Amino acid sequence: MNEKCCKLNPTRHKKIPYETLDSDFLQTQGTYKNLDKLQGVFQVLESKIFTFLKNELEKFKKILQKENTHYFVNDFNENRCSIKEAALDLTLCFLREMKQDKAADTLEDELVFIHQLKCSLKKKYQCVFEGITKHGDSTLLNNIYTDLYITQGYSEQVNTEHEVRQIEVASRHHESQETLIECKNLFEAPEQDKQIRTVLTKGVAGIGKSVSVQKFVLDWAEGKENQDISFIFPLPFREINIKEKEKQSMVDIIAQFFPETKGLNLTSRNNFKILFILDGLDECRLPLNFKDNETWHDVSSPASLDVLLTNLIKGNLLPSTLIWITTRPAAAGKIPPDCIDRLTEIRGFNDAQKEEYFKKRFTDQNQAKVIIDHVKQSKSLFIMCHIPVFCWISATVLQNILEEKRSNDVKNNQSDDASKTLQESNTEDTPKTLTQMYTHFLRFQIQQSRRKYDGEYIPDVSWDKYTILSLGKLAFHQLEKNNVIFYDTDLEACGIDVYQASVYSGMCTQIFKEETGIILGTMYCFVHLSIQEFIAALYAHLFLDINKKNVFVQDLEQKNKNETMIDLLKTAVDKALESDNGHLDLFLRFLLGLSLQSNRRLLRGLLTQQDSTDQNKKEIIQYIKQKFEANPSPERSINLFYCLNELNDQSLVKEIQTHLSKGSLSSSDLSPAQWSALTFVLLTSEEELEEFELQKFKKSDECVIRLLSVIKTSKRAL
């Protein structure tokens, strides 16, 4: 034993001849050398692990110190591996053991939850689609985005006019009188001591609210703007409507809509900025009962969606969070004024931006100029171009007309000079009214879908009357209810098989669209409210053609009576005038425009031709003029003049313009129709009202009342 021990300890025998060592000793000596080598390996390993952990800890410290956070977060996730995750797990474990929970939460948020949320939102929001998401062509948002005209609002009464009228009124406002706000600065308070928690942004349909939300979220996800905000949760009402009958906690809702944040503890994130974006309040199907809903503070306890949202907005639930709500104007009143810290309004494009849009839209600048000049010739068309969607509709229609004319001119060996094609067109060929523009748009989209799906290249339109009728029924009945988003039950109520709904969005790819929600369910809508209104008006005519019935009158009331077109038109005029919010104003314009023979010819094969259209036109024009005698509100009166414009009747306007040119209004007693005509002429004149000389008109209280809307839009009134 002693001999073996000696052999195991070579230090006791310095010199032992190699040949005298037995095999046991040699094996032991090899083991010792391996141990010695292993010792060296672990020394190097310890050094490497220490250096790695030290470097990772240094990066974690930089993140907590907010030093170049974006770089270190990207570096961690781009080179993510098991050992980096292990280093983070060790750091989080020891920080929490040291009771440094805030530091641990911040690290976990930045390196895991926030990064994953940003990646998900960037993927979702980086592209826009012209037309609709299923069939349109995607384009990077950053390549085409142009800042919209956003103004600071005030605690004014909710505007209940039809949205087109609001655009027409807004077009008269002076930019110098308004406070402009950049979208990225919505939550920046003008005063240091004031905090802005809740922002309400209103704007008419298609004006750019959702695109503004998209740009705001994308800039945050890409690390460009608002990096002081830790989490952004965009929750479109059209999607969360699906949860209206369920009871869930706020934590559950966030985890379902943003699964990449599952495990995030909201209650421990009170020191972080969290932004909820509630997009499309007008599409909300919840009661939003701010007055009677119970108070709710617990993010982990289930409650109805209505209770959760009202308490979130009021500040009872997650009081430190920021809230951004977007809505069409008519729905803005759903939020109590004392819950809103800042009211803003998106105005869409100003005049310069309209031209910029068309110049960007067309590579052929000569073509762009021709289209801009044509749109400017029609006041109603140019005003509508404040709405980006209408710019797209106009561009689509006018470009198609130009290309068809050029093609025909080349075939006939004629000049294809684009500068003449639109100006030399007759009324039927080139749209000068809203009805004509939308009729051309419908024709073009149907033709395009036939060419795409059926290979039809015939010059005329092959109408699918049943599909148009079904869509029209949906458009009309939902318009009566002020609904712009539809669900399966809405389609079924109009006889549309939800399993065949894709057929509708496939045939009318730029008219009717189908969207799938994040969680479940499918939603449907028209590309723009004005398209829904046009299709609804078309349905009213189709319904009359086929059934000889008036869509406004119940079956029991009509019995065996056959309704005529003039019955339909008169009923529609009355219904529009009875509306408090003018929701049938644009529908009425389209309905009247579609009664004209020239417009019905564009729809041949779909609408029957009316032999007595000229008589109908005279009768309805007279009926509208009689309505002025009942002194309707200025808003309804002005819409009636746009209705007369759709019927190509300018008699009242020309009459008042003659009075103006002669300067005879200072001594004239005007009829209600003439007062309305005067207001209409002043509000739609090409020149902005820098100074309105009220003294030019006959002085009376009635004069001030009648011209009040003109006074409001001028800088000064004398």
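The values are calculated or read from the model by the stated rules, or taken from the named source; none is laboratory data. Every value quoted in this text rests on a predicted model; they were computed, and no experiment measured them. Cβ placement follows ideal geometry from the backbone for every residue including glycine, while neighbour counts extend to all protein chains displayed.
Is the range 322-329 home to any residue that is without any contact (Cβ under 8 Å) to a residue 12 or more places away in the chain, crowded, with 19+ Cβ neighbours inside 10 Å and farther than 24 Å from Lys194 by Cα?
No, the range 322-329 has no match at all.
Which condition does Asp409 not pass, out of (1) assigned to a helix (DSSP H, G or I); (2) modelled with pLDDT of 80 or more, if it passes all the others?
All conditions pass for Asp409, except number (2).
Of the residues that sit in the range 265-276 and are surrounded by fewer than 21 Cβ atoms within 10 Å (Cβ to Cβ) and not charged (D, E, K, R), which one is modelled with the highest pLDDT?
Ranking the qualifying residues of the range 265-276, first place goes to Ile274.
What about Phe237, is it under 18 Å from the mean Cα position of the chain (by Cα), surrounded by 20 or more Cβ atoms within 10 Å (Cβ to Cβ) and assigned by TED's automatic domain parsing to the domain that holds Asn311?
yes
How many residues, within the range 628-651, are surrounded by 17 or more Cβ atoms within 10 Å (Cβ to Cβ) and more than 17 Å from Lys575 (Cα to Cα)?
Counting residues in the range 628-651 that are surrounded by 17 or more Cβ atoms within 10 Å (Cβ to Cβ) and more than 17 Å from Lys575 (Cα to Cα) gives 4.
Restricting attention to the range 277-289, report how many residues are farther than 24 Å from His583 by Cβ and modelled with pLDDT under 95.
0
Here are Ser47, Ser23, Ser82: which of them is among the hydroxyl-bearing types (Ser, Thr, Tyr) and at pLDDT 80 or above?
Values: Ser23 fails: at pLDDT 80 or above; Ser82 fails: at pLDDT 80 or above.
None of the others qualify; the one that does is Ser47.
Here is a check on your reading of the model: is Lys360 under 18 Å from Lys432 (Cβ atoms) and basic (Lys, Arg)? Let's see the steps before the verdict.
Values: under 18 Å from Lys432 (Cβ atoms): no; basic (Lys, Arg): yes.
No; evaluated as a whole, the condition is false for this residue.
In this structure, is Lys66 farther than 20 Å from Lys118 by Cβ and either exposed (fewer than 12 other Cβ atoms within 10 Å of the Cβ) or in contact (Cβ under 8 Å) with a residue 12 or more places away in the chain (or both)? Let's see the steps before the verdict.
Details: farther than 20 Å from Lys118 by Cβ: no; either exposed (fewer than 12 other Cβ atoms within 10 Å of the Cβ) or in contact (Cβ under 8 Å) with a residue 12 or more places away in the chain (or both): yes.
For Lys66, the condition - farther than 20 Å from Lys118 by Cβ and either exposed (fewer than 12 other Cβ atoms within 10 Å of the Cβ) or in contact (Cβ under 8 Å) with a residue 12 or more places away in the chain (or both) - is not met.
Only one residue in Ser210, Ser230 is in contact with a helix residue (DSSP H, G or I) (Cβ under 9 Å, 6 or more places away or on another chain) and either crowded, with 17+ Cβ neighbours inside 10 Å or modelled with pLDDT under 90 (or both), so which one is that?
Being in contact with a helix residue (DSSP H, G or I) (Cβ under 9 Å, 6 or more places away or on another chain) and either crowded, with 17+ Cβ neighbours inside 10 Å or modelled with pLDDT under 90 (or both) holds for just one of Ser210, Ser230, which is Ser230.
Go through (1) surrounded by fewer than 18 Cβ atoms within 10 Å (Cβ to Cβ); (2) touching a His at 6+ places or on another chain (Cβ under 6 Å) for Gly348 and report which single condition fails.
(1)
Only residues that are modelled with pLDDT of 85 or more, over 24 Å from Gln152 (Cα atoms) and among the aliphatic types (A, V, I, L, M): list them for the range 346-401, please.
Ala368, Val370, Ile371, Ile372, Val375, Ile393, Ala395, Val397, Leu398, Ile401 - these are the residues of the range 346-401 that are modelled with pLDDT of 85 or more, over 24 Å from Gln152 (Cα atoms) and among the aliphatic types (A, V, I, L, M).
When residues of the range 123-141 are filtered for being part of a helix (DSSP H, G or I) and either modelled with pLDDT under 75 or under 26 Å from Ile511 (Cβ atoms) (or both), how many remain?
Going through the range 123-141 one residue at a time, the tally reaches 3.
Based on this model, can you work out whether Leu117 counts as in contact (Cβ under 8 Å) with a residue 12 or more places away in the chain, within 30 Å of Asn143 (Cβ to Cβ) and not small (Gly, Ala, Ser)?
yes
Please go through the range 596-626 and give me each residue that is closer than 17 Å to Ala576 by Cα and buried (at least 21 other Cβ atoms within 10 Å of the Cβ), ordered by number. Give the derivation first.
First, the residues of the range 596-626 that are closer than 17 Å to Ala576 by Cα: 620-626.
Answer for the range 596-626, where residues must be closer than 17 Å to Ala576 by Cα and buried (at least 21 other Cβ atoms within 10 Å of the Cβ): Ile620, Ile624.
Of the conditions (1) modelled with pLDDT under 80; (2) part of a loop (DSSP other than H, G, I, E, B); (3) of a type outside the set (Gly, Ala, Ser), Lys99 clears all except one; give me its number.
Of the numbered conditions (1) modelled with pLDDT under 80; (2) part of a loop (DSSP other than H, G, I, E, B); (3) of a type outside the set (Gly, Ala, Ser), the odd one out for Lys99 is (1).
Does Val158 meet the test of being modelled with pLDDT of 85 or more and closer than 18 Å to Arg342 by Cα?
Values: modelled with pLDDT of 85 or more: no; closer than 18 Å to Arg342 by Cα: yes.
Taking the combined requirement at face value, the residue does not satisfy it.
When the range 330-342 is examined, which residues are found to be surrounded by 21 or more Cβ atoms within 10 Å (Cβ to Cβ) and part of a loop (DSSP other than H, G, I, E, B)?
Listed by number, the list holds a single entry, Ile335.
Go through Ala536, Ala501 for me and flag whichever is modelled with pLDDT under 65 and surrounded by 17 or more Cβ atoms within 10 Å (Cβ to Cβ).
Ala501
Table: residues versus (1) more than 19 Å from the chain's Cα centre (by Cα); (2) within 28 Å of His70 (Cβ to Cβ); (3) not in a helix (DSSP H, G or I).
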residue: Phe187; (1), (2), (3): yes, yes, yes
residue: Leu200; (1), (2), (3): no, no, yes
residue: Ser210; (1), (2), (3): no, yes, no
residue: Lys215; (1), (2), (3): no, yes, no
residue: Gly223; (1), (2), (3): yes, yes, yes
residue: Ile232; (1), (2), (3): no, yes, yes
